[in-house]
Structure formats: C-alpha cells, structure tokens
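Undergrad: What follows is a single structure, and I will ask about it in a moment.
The values are calculated or read from the model by the stated rules, or taken from the named source; none is laboratory data. These numbers come from a predicted model, not from an experiment. Neighbour counts run over all protein chains shown; Cβ positions are idealised from the backbone, glycine included. Accessible surface areas use protein heavy atoms only, side chains included; no ligands, DNA or RNA. Shrake-Rupley method; radii C 1.70, N 1.55, O 1.52, S 1.80 Å.
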Amino acid sequence: MTDPRARTGPTALGLLAALGAIGGVLLWLAWRPTTDDCDTIGECLGAPFVAMIATTLAAAASLVVLRLLHLRPVFLTTLFGFVGAGGLVLSGQEVLAVRGHEGLAPWWAWTLVGAVLAPLAHWVLQPGRGWVARVLPVVLVIGLVAGGQQWATRERAQQRLDSLASVGVDPVLVVDLPGYLLRSSWAFTDPDNGTDYISLSITPEEGASGFPDGFLLPAAGQDPCDLVRDVARLVQDGDCQASGDTATVQGRYAVGYGAVRDGTFLLLTGDPGVFTVEQFRTAVDGARTGTLEELRDGFDG
C-alpha cells in the first residue's frame with residue numbers, strides 16, 4: 001500500500017543528501033582510528049571491531065530515520081545507499097593508497113559520497129521509474145568501483161615491476177626447485193649495508209616441506225661470500241666458502257649455494273634439516289634466463 005505521507009521530489013532528495021552527508025562524516029570518525037598505530041592485538045583489532053559495530057548501528061538508525069521522515073522505500077534505499085557508498089569509498093581508498101596517501105580518504109570525500117549516493121538510491125527506487133533510469137545509475141556506480149580497483153591493481157603491479165627493475169639485475173635468472181613454486185618476488189634494500197636485492201618467495205608444493213630463501217642481486221665483481229653475507233642474515237662468518245664465481249654455505253643455521261652468471265648472483269639458502277647443498281646447486285646451475293614480470297607474478301604450477 002502506498003503511503004500518502006511519503007515525501008517525494010526535491011524535498012526528499014534534499015533530506016537524503018543531508019542525511020547521507022552527516023552519515024559520511026560520522027562513519028569517517030568511526031573508521032579513522034583504524035589507521036592509527038597500535039601495539040597490542042587488542043588495540044589493533046579493537047578499532048576495526050568498533051568501526052564495524054558503528055557502521056551496523058548507522059545502517060539500523062537510517063532505517064528508523066527514513067521511516068520517521070516518510071522517505072520510501074526504507075530498506076532498499078538504505079541497502080543500496082550503504083552498498084554503493086561503501087564500494088566507492090573502498091575503491092577510492094585503493095586509488096589513494098597507490099598514489100601514496102596514508103590513512104583514510106579525507107572526511108569531505110566520505111561526506112560527498114554519502115550526499116550523492118543516498119538521494120540517488122532513493123531516486124532510482126521511486127515508483128514509475130523506467131528501467132533505463134534504474135539501470136544506468138547502478139551501472140555507473142559499479143563501473144566507478146570496478147574501474148578504480150582495476151586501475152589500482154595495474155598501478156601496484158607496475159610499481160612493483162619498477163622496484164624490481166631498480167635493483168639492476170641483468171640478466172634475470174629464474175630458478176626451478178623441484179617440489180617448490182616461485183610465488184612472487186620483492187625488491188629490498190638491506191638497512192645495514194645498503195645492498196639492493198630481489199627476494200624470491202618460494203613455497204612448497206604438496207608433499208614438500210620447508211621454505212627456501214632465494215636472492216638475486218648484481219654481482220658487481222664482489223666476492224660471492226660477501227654477497228651471501230649481504231643478504232642472508234642466518235649465514236655466519238665461516239659458514240661460506242667461495243670457489244671462483246660460486247659460494248657454498250654449510251652452517252649450523254643454513255645451507256645454501258649461489259653462483260654468478262653474466263654479472264647476476266643467484267643464491268638459494270634453507271634449513272639444513274630440510275635441504276641440502278646439492279639440491280640448491282642443481283637448481284641454481286639449472287636456472288634459466290627470464291623476465292622481471294615472471295619474478296613479480298610467480299608461477300601457479
């Protein structure tokens with residue numbers, strides 16, 4: 001049954017814009033503490049939990065307020081408004097993070113999203129609205145959310161590729177260790193000696209155990225054991241023996257093998273209770289020339 005007191009037209013849209021703006025500010029205040037530094041599990045988990053409770057209460061409060069103000073429909077307007085606004089906020093957050101912005105999006109962005117999405121959800125759901133008028137706004141919001149997320153994903157991938165390239169490894173060596181998969185790779189700089197290197201994330205397949213560590217870095221004419229000690233912290237003095245362009249690690253905490261090929265040093269190390277030098281020697285000697293994209297994206301078997 002149609003509510004004869006239901007508000008429509010500019011009055012309803014204005015009220016919803018105001019409610020959406022107020023809700024955006026209040027939710028920003030609720031979520032802002034989640035970006036603060038925390039020291040304990042209680043602190044780190046407490047802020048998100050409180051924010052989620054506040055969001056749930058805000059959704060419930062909007063149901064009551066819309067009913068009291070005779071803004072129909074109540075449930076669908078609230079549902080569409082919160083889902084659409086949440087998607088835009090999260091997508092925008094990813095875009096800003098890629099751009100180097102720390103913390104939440106500015107409070108005014110949350111206010112703007114709420115002020116637009118609340119009346120839009122109401123307008124789309126009004127009786128007599130044609131299917132084009134209903135579908136196009138929804139498609140637009142979904143497109144903005146998906147487009148922002150896809151752009152952020154591509155930008156993060158390109159940034160990681162640029163960071164890998166900045167290490168200066170050439171040629172790029174891709175290692176194949178039987179029973180293990182290269183999942184991804186990351187560029188690092190050792191804080192103590194300033195050495196730039198690529199860390200290979202290698203994980204076991206079913207039936208294998210242990211997590212070997214892989215490293216790639218420019219050789220720059222250095223002694224192989226010096227390169228080992230620059231990146232493998234578990235390797236102690238006396239654990240490494242160099243022979244020409246190769247280095248063999250036999251220590252209490254790590255075993256490993258590394259070799260220089262055309263100016264690139266490839267090193268594999270691991271737990272001596274799980275791995276052997278011969279395993280690593282076979283893998284390093286059999287490494288093939290690859291690309292930085294392969295290192296970044298890894299392999300799925």
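Table: residues versus (1) assigned to a helix (DSSP H, G or I); (2) of a type outside the set (A, V, I, L, M); (3) at pLDDT below 95.
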site: Ala47; (1), (2), (3): yes, no, yes
site: Met52; (1), (2), (3): yes, no, no
site: His70; (1), (2), (3): no, yes, yes
site: Thr78; (1), (2), (3): yes, yes, no
site: Ala85; (1), (2), (3): yes, no, no
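Undergrad: Let me ask something else. Tally up the residues in the stretch 51-66 that are of a type outside the set (A, V, I, L, M, F, W, C) and surrounded by fewer than 15 Cβ atoms within 10 Å (Cβ to Cβ), please.
TA: The total comes to 1.
Undergrad: Can you tell which of Leu227, Leu234, Leu216 is outside any loop (DSSP other than H, G, I, E, B), at pLDDT below 95 and surrounded by 14 or more Cβ atoms within 10 Å (Cβ to Cβ)?
TA: Leu227
Undergrad: Test Gly270 against the criterion of being open to solvent by less than 70 Å² (accessible area, probe 1.4 Å), at pLDDT 90 or above, in contact with a Pro (Cβ under 8 Å, 6 or more places away or on another chain) and farther than 30 Å from Glu155 by Cβ, and give yes or no.
TA: yes
Undergrad: Oh, and also: Would you point out which residue out of Gly179, Gly86, Gly128 is free of Cβ contacts under 8 Å to residues at least 40 places away in the same chain, open to solvent by 60 Å² or more (accessible area, probe 1.4 Å) and over 17 Å from the mean Cα position of the chain (by Cα)?
TA: Only one candidate passes the filter, namely Gly128.
Undergrad: Check whether at least one residue in the stretch 32-41 is crowded, with 16+ Cβ neighbours inside 10 Å and closer than 22 Å to Pro119 by Cβ, and report yes or no.
TA: Within the stretch 32-41, not a single residue is crowded, with 16+ Cβ neighbours inside 10 Å and closer than 22 Å to Pro119 by Cβ.
Undergrad: Another one. What is the residue count in the stretch 182-207 for residues that are surrounded by fewer than 20 Cβ atoms within 10 Å (Cβ to Cβ) and under 25 Å from Gln279 (Cα atoms)?
TA: 10
Undergrad: Then there's this: For Gln158, work out the one condition from (1) surrounded by 17 or more Cβ atoms within 10 Å (Cβ to Cβ); (2) out of contact with any His (no Cβ under 8 Å at 6 or more places or on another chain); (3) polar (S, T, N, Q) it doesn't fulfil.
TA: For Gln158, the failing item is (1).
Undergrad: Now for a different question. For the stretch 89-124, give me each residue that is outside any helix (DSSP H, G or I), touching a residue at least 24 places away in the same chain (Cβ under 8 Å) and charged (D, E, K, R).
TA: Glu102
Undergrad: Within the stretch 111-128, which residues are among the polar types (S, T, N, Q) and over 18 Å from Val145 (Cα atoms)?
TA: Hit for the stretch 111-128 is Gln126, nothing else.
Undergrad: So, in the stretch 125-146, of the ones that are within 17 Å of Leu13 (Cβ to Cβ) and not in a helix (DSSP H, G or I), which residue ends up modelled with the lowest pLDDT?
TA: Only one residue fits best here, namely Gly128.
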